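First the structure, in the form of structure tokens, and then the observations on it.
The values are calculated or read from the model by the stated rules, or taken from the named source; none is laboratory data. No experiment lies behind these values; they were computed from the predicted model shown. Note: ideal-geometry Cβ built from the backbone for every residue, glycine included; neighbour counts use all protein chains shown.
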Amino acid sequence: MTPDDAHPSLNRSAAWAGKLRFLFVSLGVIALDQWTKWLIEAHLPQHTAQTVIPGFFNLTHVRNTGVAFGLFAAQGMSGGSWLLTLLGLAALAAVAVYFWFASPHDRLLLLSLSLVVGGAVGNLIDRMSSGAVTDFLDVYVGTYHWPSFNVADSAISIGIALMAIDSFRAHKKTADTPAESPS
């Protein structure tokens, strides 16, 4: 019996303390997302753009009734907005369960899940309070514009990319581990 086995409740507490710091990442994403959206709403009229880097980046003010990057916009249909809200809540619950069961030692996975949770909550706050999400980051080259997005969308995208990287790392660990021979 190891000293860690003697006090399993202490192990769970230590594991949660280790995971708690990742929830602060989520809170940071939510705070930054809501603050930047407030700044745009307060200082840039809707449907206008302010050039930041000519030919590459504008700040815009658009209201998105769809999901990330304007996909599946509800076109003013409140039922569609509520459906997207319910789907967002379901996805958030799934990510929370994944976070709950993730190992406290899997820091890249916990970071990626925290980014996704923070971004999902940031956009859900908007969707639940007003039925639409404020998007304001407009990246473009020439006349091609990537759909406008926000800090929450960025956190979700980065979190998903990190999850993909983590899944490849985990697969590599499994592939590099020599198989045990039967006794």
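General observations
- Residues being touching a residue at least 60 places away in the same chain (Cβ under 8 Å), assigned to a helix (DSSP H, G or I) and over 18 Å from T60 (Cβ atoms) - total across segment 123-156: 3
- Considering residues of segment 31-88 that are modelled with pLDDT of 80 or more and small (G, A, S) only, the residue surrounded by the fewest Cβ atoms within 10 Å (Cβ to Cβ): A42
- Residues that are closer than 30 Å to G55 by Cα and polar (S, T, N, Q) were ranked within segment 106-158; the one that is modelled with the lowest pLDDT is T143.
- Tabulated pairs, segment 33-60, first within 13 Å of D135 (Cβ to Cβ), second in a strand (DSSP E or B) and basic (K, R), C-beta under 7 angstrom, 6+ apart or interchain: Q46/R63
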